[in-house]
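The block underneath contains the structure these notes are about, expressed in structure tokens.
The values are calculated or read from the model by the stated rules, or taken from the named source; none is laboratory data. Note that the structure is predicted; figures quoted are calculated from it, not measured. Glycine gets a Cβ as well: all are built from the backbone with ideal geometry, and neighbour counts include every protein chain shown.
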Amino acid sequence: MNIFQKRFIPNYLTFFRIALIPLYIFLFLRYFPDRLWISAVVFIAAGITDMLDGYIARRNGWVTNVGKLLDPLADKLIEISALVLLATKWGGGFVALAIVALLKEALMVLGAYMIVKKAKVYVMSLWFGKATTFILYIEVVAVSVFSASIPEKTRNIFSLVVMLCMFATFVMYYVSYRKSIRLALGEEQESAQDKTDPQSDRKETKTKQP
């Protein structure tokens, strides 16, 4: 199979975003705390590729199963990387935020795996998940660019807001996961019933008779 096709462009952007993660970590550690804006540029670039790959995939119908898995994985990796770095350097609310984010992502990965295993359905990122990611990006960029002028109390309040958004996102994803499983399993049961129920065939033949 030729992997150099236009329909794989969103996947290439996702791979590029994953490749930016070690660069972001290096620049964060190298320029902390005075010139964190340098690492913030890489973080923003990762966010731009996140928007681009989703837009291109949906606009052109280039959504693939690989993309469905890699896109949210890339988001999770760079988010966790940023939060762990902020927690280790500044502590405070970032520690709680990093722990909440790790628990949330672990539970969501487990839920997505259960859906794939039970219902054979790949879970895509939904709008409320993207909204929470956007809010998190704002916090990370703001703290990185204006680190010297943002008081610790303000950082903690912002972290609390992001944690509440993460909790709301987790609840909405949980509801969405349950609905996806019910729909997929219900369709399978109906299909199996149609194949094994002879009365359905009789009804169809009767309706076709003049």
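Taking the range 91-103, which residues are buried (at least 18 other Cβ atoms within 10 Å of the Cβ) and modelled with pLDDT under 90? Show your work before the answer.
Initially, the range 91-103 is screened for residues buried (at least 18 other Cβ atoms within 10 Å of the Cβ), giving 93-94, 97-98, 100-101.
Matches in the range 91-103: 93 only.
On the basis of being closer than 18 Å to residue 84 by Cβ and aliphatic (A, V, I, L, M), does residue 27 make the cut? Yes, satisfied. Tallying residues that are more than 30 Å from residue 114 (Cα to Cα) and exposed (fewer than 13 other Cβ atoms within 10 Å of the Cβ) within the range 152-177 yields 3.
Tally the residues that are among the basic types (Lys, Arg) and outside any helix (DSSP H, G or I), restricting the search to the range 24-50. The number of residues fulfilling the criteria is 1. State whether the residues of the range 38-56 include one that is under 17 Å from the mean Cα position of the chain (by Cα), buried (at least 18 other Cβ atoms within 10 Å of the Cβ) and at pLDDT below 85. Looking through the range 38-56, at least one residue is under 17 Å from the mean Cα position of the chain (by Cα), buried (at least 18 other Cβ atoms within 10 Å of the Cβ) and at pLDDT below 85. Within the range 170-181, residues that are farther than 19 Å from residue 103 by Cα sit with their Cβ atoms under 9 Å from residues that are in a helix (DSSP H, G or I) and basic (Lys, Arg), at 6+ positions apart or across chains, in these pairs: 181/118.
Condition check for residue 62 on (1) at pLDDT 90 or above; (2) surrounded by 15 or more Cβ atoms within 10 Å (Cβ to Cβ): one failure, at (1).
In the range 129-150, the residues that are without any contact (Cβ under 8 Å) to a residue 40 or more places away in the chain reach residues that are part of a loop (DSSP other than H, G, I, E, B) and not hydroxyl-bearing (Ser, Thr, Tyr) with C-beta atoms within less than 8 angstrom, at least six apart or across chains, in these pairs: 142/150. The single condition from (1) charged (D, E, K, R); (2) surrounded by fewer than 17 Cβ atoms within 10 Å (Cβ to Cβ); (3) touching a residue at least 40 places away in the same chain (Cβ under 8 Å) that residue 79 fails is (2).
Could you say whether any residue in the range 2-17 is closer than 23 Å to residue 161 by Cα, aliphatic (A, V, I, L, M) and buried (at least 19 other Cβ atoms within 10 Å of the Cβ)? Break it down into steps so the answer makes sense when it comes.
Quick first cut of the range 2-17, residues closer than 23 Å to residue 161 by Cα only: none.
No, because not a single residue in the range 2-17 is closer than 23 Å to residue 161 by Cα, aliphatic (A, V, I, L, M) and buried (at least 19 other Cβ atoms within 10 Å of the Cβ).
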